[in-house]
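Read-outs: derived from the displayed coordinates by stated rules, not from any lab. Being a predicted model, the structure only gives us computed values, none of them experimental. Don't worry about glycine lacking a Cβ; one is built from the backbone with ideal geometry, like all the others, and counts go over all protein chains shown.
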Amino acid sequence: MDSIEIRPLDVTNAYMTYLFPFSFREKERKKLMEQLKKHHFTFFTLDKEELQDKYYGDDIKIVHEELDQFFLPFIEDKLFPTSTNNRGFLRYSKEVEESFTLEVNENNFDFIINSVDITLCPFGIGIITLRTTMDEEQETLTNIVDHIAHFRVLEPKLPFDKGSKIHRKNKVYGTTNELVFDYICQPIKPFIIHDEKLAGYYGSLPYFEDERMHSSVFLIAKDQSEITEDQLFRLAHLDGKDINGNEFISSSNADYVKRYVADHVHNRWAPSTYTIASEHTQVTLSNKKKKQLEQEISQFMSVHYYNLMLHYYYKIMLLKVAFEHSEVSWAKDKRYVEELIELISKFYSRYYFEEVSTRSEGKELTRQLRKVFRLEGLFDEVKQTVDDLYRAQDNQSDKRNNSLLFMLTIFTVVSGIYGMNLVIEDWKGKTDWGKVPGYSFFEWISLITALTGIGLSIALIGYTGGKGIYDKYRKWKRDRS
């Protein structure tokens, strides 16, 4: 078995984008939007051409027309709504343009946070995006990857994750969570839902399996350097430095590294540019000069970012549905089950599509993202969830109908017999209830049957009418929120 050589690589430019989700209440969506506007977040639309070079760092400009043409029409309307009243992904952006230093492993890494996005997605899911760049003329691949691996950790729990600090002027943040929620995105903090049973930030999303931000990175290597498999593997797994501060790679099997890279890399533009993706990062590494990569960097900030965000949202929503299905109490949550079925149906019909791009490269990267996010397996699981919910609802409905039919049949038979064969003179005209104690056995049966039948009819009419009114009110309330 061949040993793995870790080859050094110097990087001249690094653009790093971090995404992480949160949960908010749909009924507070308008209040949240008002709060964002109050704190100088701008609603993003494609017709605002002045925003094309505002949020992405020096000398970087995205092309709104390319965004308009990259996605299929039924996706474009959802990703780029023209008004906050439209359904879809409402993006609010704000410039930051501040310098920070991450201190970890006895190394200081200077970086700039260019901007932040807060995207309010359908069904109470939000995604925060941080756009950062390396504030150095040159840095080693190991130090960049080590920075990404530590910065993306919101709440460090493992020994490997602990020990980093973020410096901003005279302020020190002990965790990325403090930097984001106590400073950069402070306006949304009161709106985030927290589960009392779960501690920390991810009480907001108890079904999310990783307490780290998803990273998307574009790196430019120095002087036409050769790009090797070990470098791509380390980027996919964010293998920077170990707990002792030494550079490392998380495999000792060269054949495994080769197979993994071949299975996860997009090498359409090889040997100068490669994109490799894993469940927690997507990295593009190129050895071209920066001037030759202006279009690629612009696409990284625009069309490829939206493609990634959309599929990241798909993953979160599928996990959400699977989790909420597991939390259902069948005996108590009948209306909740109906709402969950409605949520799944709306998500499928309005937002979840296998094909989202008109471009061949977009389709290739879409397949790559669907694979690393395991969307096919999650989708099949949720489809089974829908079938189970419908089946359970049908079974419960059948049982209720059978019980009701049984009761109505008994009353029909008994009342029919007495209606044909027995007439109580006391019920004609004004009823004398004082004679009731003197009724015979059969007269008592007749009285009880009549009163119970009348009461049951009134109760059924009241229940059906009340349920219809309540369901319409809940639907009206959901639509308003």
Would you mind checking the pairs K54/K363; K289/K320; K241/K315; K48/K171; K54/K222 and listing those with alpha carbons more than 32 angstrom apart?
K289/K320; K48/K171
Relative contact order (percent) for region 10-293, with alpha-carbon contacts under 8 angstrom and 6 or more residues of separation?
22 percent
Rounded to the nearest 0.05, what FRET efficiency is calculated for D68 and I458 with R0 set to 56 Å and r the Cβ-Cβ distance?
0.40
Region 283-310 and region 44-89: distance between their alpha carbon centers, rounded to Å
16 Å
Counting other Cβ atoms within 10 Å of each Cβ, which GluC sites (Glu not before Pro) in region 95-143 have at most 11 and sit in a DSSP loop?
E106, E137
With label points set 7 Å from each Cα along the Cα-to-Cβ direction at N170 and D59, the distance between them in nm comes to 3.5 nm
Around L141: net Lys/Arg minus Asp/Glu count, Cβ-Cβ under 11 Å:
-3
Efficiency of FRET from Cβ geometry, E381 and S440, R₀ 45 Å, rounded to 0.05
0.10
One quarter of the C-alpha convex hull surface, i.e. the mean projected area of region 10-293 in nm², amounts to 16.1 nm²
With N residues in region 229-317, what two-decimal value do you get for its Cα radius of gyration over 2.2 N^0.38 Å?
1.21
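Please compare each pair in K38/K61; K38/K157; K30/K94 to a cut-off of 30 Å on the Cα-Cα distance and tell me which ones are over it.
Distance filter (> 30 Å) returns K38/K157.
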Treat every Asp and Glu Cβ in region 10-293 as -1 and every Lys and Arg Cβ as +1, leave all other atoms uncharged, and give the resulting dipole magnitude about the Cα centre to the nearest 20 debye.
920 debye
